[in-house]
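The values are calculated or read from the model by the stated rules, or taken from the named source; none is laboratory data. Worth saying up front: this structure is predicted, and the values here are computed from it rather than measured. Every residue, glycine among them, receives a Cβ derived from its backbone with ideal geometry; neighbour counts consider all protein chains shown. To get the accessible areas, we keep the full protein, side chains included, count just its heavy atoms, and leave off ligands, DNA and RNA. Shrake-Rupley method; radii C 1.70, N 1.55, O 1.52, S 1.80 Å.
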Amino acid sequence: MTVMLASGVETGVQDRSFAISLGQMMEVDDVSVREQLFHNRVRETFICVLLFTCLYILSYLILTHFKKNADYVTDDVEDATANKIALWLCTFTLSVAVCAVLLLPISILSNEVLLIFPHSYYMQWLNGSLIHGLWNLVFLFSNLSLVFLMPFAYFFTESEGFVGCKKGVMARVYETAVVLLLLTLLVLGMVWVFVALLNNHSARESLYDMWEYYLPYLYSAISLCGVLLLLLCTPFGLSRMFSVTGSLLVKPRLLENVEVEMNCAAFEEASLSRTLNRGSTACWVSVNVEPLRTQFLGVQAKRIALEMRRRASPWQRNLFYPLAMLLLLALTVACVLMVCFHVLELLFDETAMPSGMGDPRLGTASFSMFGSLGAAVQVVLILYLMVSSVVGFYSSPLFTSLLPRSQDTNLTQIIGNCVSLLVLSSALPVFSRTLGITRFDLLGDFGRYNWLGNFHIVFLYNILFAGLTSACLINTLTWAVQGELIRAFGLHKLPLTVSRTTIPLKLLLANGLSKIQ
């Protein structure tokens with residue numbers, strides 16, 4: 001009996017010690033898990049801050065290149081301070097816009113990198129939590145900039161303080177805050193009325209729960225406006241990319257006679273120089289020479305650019321231009337074909353609809369059927385569409401006045417450009433996923449837009465984009481080819497009005513053969 005009691009006591013002591021050791025191990029594991037989560041959060045925060053700091057510096061350099069320096073060195077210290085604060089807010093908005101453009105490329109490339117190096121120690125920082133957090137931050141900052149920062153910057157530069165109050169920067173802040181509050185109430189009231197027209201029950205609920213009803217409708221409306229703006233600007237920009245690229249490159253001698261253009265510019269420069277010298281020696285007080293001096297500087301810059309084009313090598317003249325045109329044509333045709341294929345997918349596959357993704361499991365499968373090469377093509381096409389949309393935006397007659405000029409862009413134009421670029425860039429992920437350029441689903445609140453689940457809107461959007469892009473491309477190519485042939489063969493010097501019907505193709509070919517002989 002004594003032996004049995006001793007063995008029982010010993011067994012109880014061992015069980016108690018095992019339980020204590022097990023509890024200590026669980027506590028240690030819990031502490032290690034919390035430490036790991038803490039280190040991951042610190043690392044993700046550091047990476048996001050580092051990325052945003054680099055983009056902020058880049059955005060500040062861009063705005064410094066375009067801003068008008070006279071607005072920031074005025075005698076009025078209060079105006080100069082207000083303009084600097086507004087410029088900082090514009091820099092923040094532009095950096096958010098650039099980060100929004102890079103969202104999809106970074107996400108797609110991160111997935112491919114994790115597929116290539118699945119167990120690499122140096123790639124552990126690249127995970128789904130980091131990408132998801134980056135999407136949430138861009139969504140938050142883009143809406144914050146559109147709804148609060150940019151209106152604040154505009155009203156802050158236009159305000160002077162309430163009547164009877166002491167003038168200063170804080171007086172401007174108070175007036176701007178009151179104006180923003182009134183504007184917010186007006187916008188929320190308009191949204192509530194719109195919701196009431198659509199659904200009375202939801203409007204009653206939204207009166208008590210603004211976060212769940214007001215903001216989703218407001219975000220959906222802003223995103224829909226951005227996507228519609230991309231639908232209008234991108235096809236026009238895709239057609240304009242050929243002329244813009246052609247103006248930056250040196251064309252072959254068949255399509256461009258640099259000698260004649262440079263001689264004309266030199267004669268014009270000499271004439272303006274004599275006029276300015278005569279005006280300075282004769283002391284023309286009544287004549288304003290500033291427009292002549294501006295015209296002279298423009299002609300001089302044109303002549304210098306033509307001289308650089310004349311010194312271009314034969315490789316640069318005869319190889320780069322055709323390759324650039326073929327590359328642009330290939331990218332544009334690839335976009336149209338991918339959209340047409342996505343239209344067929346929408347008819348037969350429900351997963352082709354754009355949707356949100358809660359947990360991005362990166363490194364499990366490629367988002368392109370062609371692997372890493374297809375993912376690289378997707379990244380190039382997304383960036384190409386963004387550049388084309390910006391070119392189309394500034395080429396349209398409605399927004400030509402917003403085109404920034406070097407060292408001659410006032411603060412109001414800078415604010416307008418930042419808002420426009422942010423609207424375009426924040427809608428780029430939704431735009432690319434809606435057109436089927438990529439199969440990477442939208443993360444965070446980007447996938448919560450109400451209209452994304454509407455099949456008719458998505459299908460009609462794809463049809464309109466394919467049709468508009470094809471029409472603009474065909475129109476641009478036909479007119480560009482005929483225009484270049486007319487100018488190359490000297491038919492633009494004819495006294496008659498040149499049109500498609502007056503000059504047939506046989507006359508072009510006959511004149512070209514005679515010139516070659």
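Worth a mention:
- For region 42-60, filtering for residues that are under 12 Å from VAL98 (Cβ atoms) and of a type in the set (A, V, I, L, M, F, W, C) leaves 6.
- Residue pairs meeting the criteria (Cβ under 6 Å; at least 6 apart or on separate chains; first among the small types (Gly, Ala, Ser), in region 456-481; second modelled with pLDDT of 85 or more and open to solvent by 40 Å² or more (accessible area, probe 1.4 Å)): ALA466/CYS340
- Residues being open to solvent by less than 70 Å² (accessible area, probe 1.4 Å) and either modelled with pLDDT under 75 or farther than 21 Å from ALA221 by Cβ (or both) - total across region 446-458: 6
- Any hit, region 69-88, residues being open to solvent by 10 Å² or more (accessible area, probe 1.4 Å) and at pLDDT 90 or above: yes
- Boolean, PHE155 is open to solvent by 40 Å² or more (accessible area, probe 1.4 Å) and closer than 19 Å to PHE92 by Cα: yes
- Here VAL163 does not qualify as in a helix (DSSP H, G or I) and either modelled with pLDDT under 85 or over 28 Å from THR53 (Cβ atoms) (or both).
- Failed item in (1) modelled with pLDDT under 80; (2) of a type in the set (A, V, I, L, M, F, W, C); (3) within 23 Å of PHE455 (Cα to Cα), with ILE382 passing the rest: (1)
- Condition check for PHE393: closer than 22 Å to LEU329 by Cβ and aromatic (Phe, Trp, Tyr): yes
- Any hit, region 303-324, residues being under 30 Å from ARG433 (Cβ atoms), at pLDDT 70 or above and surrounded by 12 or more Cβ atoms within 10 Å (Cβ to Cβ): yes
- The numbered conditions (1) in contact (Cβ under 8 Å) with a residue 24 or more places away in the chain; (2) open to solvent by less than 50 Å² (accessible area, probe 1.4 Å) are all true for ASN136 except (2).
- Within region 404-435, considering residues that are in a loop (DSSP other than H, G, I, E, B) and at pLDDT 85 or above, the one surrounded by the fewest Cβ atoms within 10 Å (Cβ to Cβ): ASN410
- Test: residue in region 353-369 that is open to solvent by less than 20 Å² (accessible area, probe 1.4 Å), outside any loop (DSSP other than H, G, I, E, B) and over 23 Å from LEU248 (Cβ atoms): no
- Residue ID - modelled with the lowest pLDDT, chosen from residues in region 189-214 that are open to solvent by less than 40 Å² (accessible area, probe 1.4 Å) and closer than 30 Å to ALA86 by Cβ: TYR214
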